[in-house]
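Q: So that we are looking at the same thing, I have put the structure below in structure tokens.
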Amino acid sequence: MRVLVSGGAGFIGSHVTVELFQAGYDVLIADNFSNCDDTNYNGVCKILGCEIPLVRMDFCDSAEVEALFNRFKIDAVIHFAAYKAVGESVAEPLKYYQNNLDSFLNILGQAKVHGCNVLFSSSATVYGEPEQCPVTEESPRLPATSPYGNTKQMCEDFLSDSVNAYDNIKGISLRYFNPIGAHPSALIGELPRGVPNNLAPFITQTAIGKREKLRVFGNDYPTPDGTCLRDYIDIVDLAKAHVCAVKRMLEDKMESPYEIFNIGTGTALSVLELITAFEKANGIKLNWEFAPRRDGDVTAIWADPSLANKKLGWKAERSIEQTLAAAWAWEKYICTLG
Ligand code: UFG
């Protein structure tokens, strides 16, 4: 069985490629390298000890997508190729709508022609600022707070409407909480361009001295220590959820043509708790200070992952210390690359 991984050279896509291949799937990566270099692709090949087929292409180009699906028999596609910076999406909404929607529409169009299953990389952002935590898949999707969040909601709808209308395709949306960490080999991981937006890479870059100080956004939230609560999920655990979901689709185990699963740990950590866990896991003292709240941040969100635990037979297994030790090993490795 062949799985196409769009955006397979990125942070999540590279880890998913490794897990799929190790589970016995043929994997085909397609990426336009607009937001990454070859580091993760090379790392994937090194971990797996072979050259994973790679097509350099743009999913917004419908002719290229058509040619790809005509050239390869694809049983399932996992779609990661999208822009993902929340703040940038507010500044450049059309860039986000055009890229994230066009690419997915092109994939769905070919999935329909070829009868191919589709796994969409969605996000906890679709829940907006939830009234109750943990959130289940039944929790309401509240208005998104950014164009990026809108694209996630819209793509979920594109997928559910398509599988309802066309009986030769099935779809799953996985709603990720906060993916962090790196592969235990330290050969693949997160490689933000410029100043990181997200907490975990900002922590590791501060620890290594690329950034002078971490700013903790807000200390007056209605949470136990005043900082925001999130569900930080190890990237390898997250990648394994994709293998379970692909297996479920390809082995005809789905209970309806469209399914949604939360992919999180079920545990909430505050920003300060994550900093402390990093310091403990790696024996490092981090330079940080409080700063004003960041626009658009929700106070608290964490998953109820019990549906995924039960139906996918998947559970997050790695401890936060293991995850943060892997993130630190990766940061040290990329530092040696220059
Ligand atoms: N934070 C800091 N300092 C930083 C960076 C982040 O204090 O330098 C704080 C944020 O304020 C927030 C927490 O760390 O409280 C986590 O922030 P991230 O940017 O790492 O993650 P978010 O929860 O904001 O965003 C993540 C994904 C998005 C997704 C969103 C909602 O990165 O893609 O969850 O699902 F949209």
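Q: Sorted by average packing, counted as other Cβ atoms within 10 angstrom per residue and highest first, what order do 55-66, 113-124 take? Could the numbers behind the result be given before it?
A: Numbers: 55-66: 16.6, 113-124: 22.0.
Going by the mean number of other Cβ atoms within 10 Å, highest first, we get 113-124, 55-66.
Q: Using just the C-alpha positions of segment 11-158 as equal point scatterers, what log10 of I(q)/I(0) does the Debye formula give at each q in 0.10, 0.12, 0.17, 0.21 1/Å?
A: The Debye formula, applied to the Cα set alone, gives -0.39, -0.56, -1.07, -1.36.
Q: Suppose R0 equals 51 Å. What FRET efficiency, 1/(1 + (r/R0)^6) with r the Cβ-Cβ distance, do Thr276 and Arg2 give to the nearest 0.05?
A: The value I calculate is 0.70.
Q: Also: Output the direction-averaged projected area (hull surface divided by four) of the convex hull of the alpha-carbon atoms of the chain, in nm².
A: Computed as one quarter of the Cα hull surface, the answer is 15.8 nm².
Q: Could you work out the pair-distance distribution P(r) of segment 133-263 from its alpha-carbon pairs, with 5 angstrom bin width and percents rounded to whole numbers?
A: 2, 8, 13, 16, 19, 16, 12, 8, 5, 2, 0
Q: At 7 Å along the Cα-to-beta-carbon direction for both Val195 and Leu286, put a label point, then send me their distance in nm to one decimal.
A: Here the modelled spin labels are 1.8 nm apart.
Q: If one computes the Cα centroid of segment 135-190 and of segment 22-68, what distance in Å separates the two points?
A: 20 Å
Q: For the chain, with every protein chain kept in place, what is the accessible area per residue (1.4 Å probe, Å²)?
A: Accessible surface, normalised per residue, equals 43 Å².
Q: Is segment 1-69 best put as rounded, prolate or oblate by its Cα gyration tensor, with a ≥ b ≥ c the root eigenvalues, rounded for a/c under 1.5, and otherwise prolate when a/b is larger than b/c, oblate when not?
A: Oblate, because a/c is 1.5 or more while a/b does not exceed b/c.
Q: Would you mind getting me the FRET efficiency between Glu321 and Asn164? Use the beta-carbon distance for r and R0 = 45 Å, nearest 0.05.
A: 0.55
Q: Here's another thing I want to ask about it. How far apart, in nm, are two points set 7 Å out from the Cα along the Cα-to-Cβ line at Asp157 and at Arg215?
A: Reported label-point gap for Asp157 and Arg215 is 3.5 nm.
Q: Less than 20 Å apart at the alpha-carbon level, and either on another chain or at least 8 residues along: which lysines does that give for Lys210?
A: Lys285, Lys332
Q: What GluC sites (Glu not before Pro) in segment 149-214 are in a loop by DSSP, with at most 16 other Cβ atoms within 10 Å of the Cβ?
A: Glu212
Q: While we're looking at this one, here's another question. Given a Förster distance of 51 angstrom, what is the FRET efficiency for Asp225 paired with Glu255, based on the Cβ-Cβ distance and rounded to 0.05? Write out the running numbers ahead of the final one.
A: On the way: r = 40 Å, r/R0 = 0.79.
Between Asp225 and Glu255 the formula returns 0.80.
The values are calculated or read from the model by the stated rules, or taken from the named source; none is laboratory data. The structure displayed is predicted, hence computed values, not measured ones. Backbone-built Cβ (ideal geometry, glycine too); neighbour counts: all protein chains shown. Remember, those area values only see protein heavy atoms, side chains included, never the ligands or the DNA or RNA. Shrake-Rupley method; radii C 1.70, N 1.55, O 1.52, S 1.80 Å.
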